[in-house]
Amino acid sequence: MTITHAEEILKHKFGFDSFRMQQRSAIEAVLDGHDCVVLMPTGGGKSICYQIPALMSDGLTIVVSPLIALMKDQVDSLKSNGIDAGFVNSSQSGQEQVEVFRRIREGELKLLYVAPERILQSSDQFVNFLRSLKISLFAIDEAHCVSSWGHDFRPEYRQLSILKREFPDIPVIALTATADKLVRRDIVERLAIPKAEVLVSSFNRPNIRYLVQPKNNSFERLLRFLEQRKGESGIIYCLSRSSVDNLTADLQDQGYAALPYHAGMDKHTRDANQTKFLNDEAKIVVATIAFGMGIDKSNVRFVVHMDLPKNIESYYQETGRAGRDGLPSDALLMFSWADVLKLKKFVEVDGDNSQSTIMLKKLDRMGEFGDLRSCRRRYLLNYFSEEMSEDCGNCDNCLTEYEKFDGTVIAQKALSAVARTGQRFGLNYIVDILRGSNSQKIRDEHKNLKTFGVGSDIKKEDWVAYIKDLVAQGYLKQNSGEYPTLALAERSEDVLRGGAKVELRTKADELAQRPKAVSYDQPMFDLLRAKRKEIAAREDLPPYIIFSDATLTEMAAYFPHTKEEMLNVAGVGDAKFAKYGAQFLAVITEHCAKRGFTSRMGSKPRKQASRTKRTATGDDTYTVSYKLFRSGKTIAEIAADRGLGVSTIENHLSRFVEKGEIGLHELVDPAKVEAIRTAIREADSENALSPIKEILGDDFTYGEIRAVLADITRTANA
């Protein structure tokens, strides 16, 4: 069995033309009998990494999954693609479980989903059952649950090392969307798979637009946000059960089809609300974090956090529930530093100071993200040790235009207020001083300061923005302790003496237009969606299991008229077409006949592998840089000549180090090489450059690190 066979399964069972990210590498590793750890963003297609090997192998694949909802969702999706799969969990009756075990013994199932507790049940009963079967693969989903350093630790996951101990020759694939370097190591160690290949895909979800707004007047802000998204599905997260209930009631009063979900509700109501959301009967779920883990609803268009998540991992995973179909989606966070302070007592771990320190640091990083003035996507990717060379252009900070103005007087007032209060107070207190607040928290001695009330003509939210700008520009420092305070920086003195001009920024225009998806015929899309809903109701399945919104959008854009054309729509495989294709073709052809439309499949862009740009002489961009380097030009000169960044040219040349056509010593001072090699070993990274650079400091460049990594690869392949 070859990877070509895997591609055929991908096309005919799942309806996709090509593998994404590290799917191919993961499948090859598993088929070769190797253990594997896969890090892939939410919605990136992790399940393909074990589902295709399951179909290619002789035997049963066991999938360990933490939530019942995830199991049912995955099994329903597989069945809709014509794949035999089942699950065993506490939601089933005894008779239903007996039937599943019968189908397993008779070899009718290719995949079985179970909870970790089932694997670990007393007397090794389930493990003994597995010994009687031909097992081809163990897949452990949400593998970050194994680590106490992660954000969702589950003690039972640590005991899953029994799988490798009892079945040493069966490959294990562990999958997660959220794991920093520490958690990755824990996964390998705790699951007893020390030789596992670790495959890290990009954490970037380019279709998600990250937005942060101040938490004051949060309900009014939320209503404005929802007004632009009527009829779309979304999840709104709140910190407490009471907040969920209150916000749900308020949204219902405003006419929104919102339902609550939290652990304090009875199970029947909770499950019913989840089902209504999955089936598009309710558009909005207001929930605590008890909702959503593993929910594979592809057409969630927005995720809102009314309260701050405890860490970047949780935020990333929860926002990742939007836009799983690849269409433009939004993630909105209501941010306040008060939330950071409130959460500090919740993240500390009793009796474990070291873990408490880690969790508090993670919370501080979440606070930094909320207060960020630069590209939010770059910050997220950097957190997961992934470098992004340019701003994303799809977050609020990137999409907001600013006008600069002479803010010297404003800066002097702010810096003076910080100095005169002893550099011991936080941002909000300083703003209250500047605005002459009557708040009882203002100390009497501060009411007599010359700076008290000197900024009363400026709105509070504008003062907050200006002070944050001063921090970002290095005129003020803000610590990240339990109660962040402001202090003067080295640049402050020149400003206070009138020797330096300060430019501040004010928002000129927020570019709130969404990135556009493919242009499509809205009436046809509505008809297709109605047909999908009809079929889903008849088969008791969530609508997106039939076809995703992205698939319907493509149908409504290109009007396929035949089976062959329909099979060229992303998400339409052989099994899906056999079940549903004729019904959707009937809708399309009838609508086209009424409107005088014909098939547009000929105009559908072909998804090709990216082609290398070449010059008139046939040289690709890398070779152009190489030839200029060989002509005697420096990297800076090549970058200037070509209008490219220095880091881009360094990246070009590192390819030739790997080929052996440029010596490492030509790009890196030999005295630096060993230090870089040592840092690479300490960082345990051969892909993410940020942790290596962090160890080395400012005396080393990313280009030098890339070159040494390329030389290591050259040596390994020699």
Legend entry - Inter-label distance, nm, simple model (7 Å from Cα along the C-beta direction), SER161/ALA272: 4.6 nm
Inset, instruction - Averaging sequence separations of C-alpha pairs under 8 Å and six or more residues apart, then dividing by the length of the chain, give the relative contact order as a whole percent. - result: 11 percent
Legend entry - Proximal aspartates and glutamates to LYS181, defined as alpha-carbon separation beneath 14 angstrom and excluding residues fewer than eight positions away on the same chain: GLU189, GLU313, GLU386, GLU682, ASP684, GLU686, GLU694
Inset, instruction - Per DSSP H run of at least 4 residues, take -39500 (n - 2.57); add these up for the chain, divide by its residues and hand me the 222 nm value, nearest 500 deg cm²/dmol. - result: -13500 deg cm²/dmol
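For ASP76, ASP711, what's the fewest-to-most ordering of other Cβ within 10 Å of each Cβ? Mind showing how you got there, number by number?
Working: ASP76 18, ASP711 23.
Sorted ascending by nearby Cβ count, the order is ASP76, ASP711.
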Inset, instruction - Two decimals is fine: what's Rg over Rh for the stretch 208-349, C-alpha atoms, Kirkwood radius as Rh? - result: 0.93
Legend entry - Lys, Arg +1 and Asp, Glu -1 on Cβ, resulting dipole of the chain about Cα centre, debye, nearest 20: 960 debye
Inset, instruction - Note down the relative contact order for the stretch 408-501 as a percent, whole number, built from C-alpha pairs under 8 angstrom at least six residues apart. - result: 35 percent
Legend entry - Spatially close lysines, pair count over the stretch 522-602: Cα under 19 Å, gap of eight or more or interchain: 8
Legend entry - Relative contact order for the stretch 205-340, counting Cα pairs under 8 Å that sit 6 or more residues apart, in percent: 36 percent
Inset, instruction - Please work out whether the stretch 3-200 counts as rounded, prolate or oblate from its C-alpha gyration tensor, where a ≥ b ≥ c are the square roots of the eigenvalues and a/c under 1.5 means rounded, while otherwise a/b larger than b/c means prolate and anything else oblate? - result: rounded
Inset, instruction - Assign one of three labels to the stretch 263-333, namely rounded, prolate or oblate, based on the Cα gyration tensor with a ≥ b ≥ c the square roots of its eigenvalues; rounded applies when a/c is under 1.5, prolate when it is not and a/b is larger than b/c, and oblate otherwise. - result: oblate
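We did not get these values from a lab; they are worked out from the coordinates using the rules stated. Note that the coordinates shown come from a computational prediction; the quantities given were computed from them, not determined experimentally. Because the Cβ atoms are built from the backbone with ideal geometry, glycine has one as well, and the counts that use them run over all protein chains shown.
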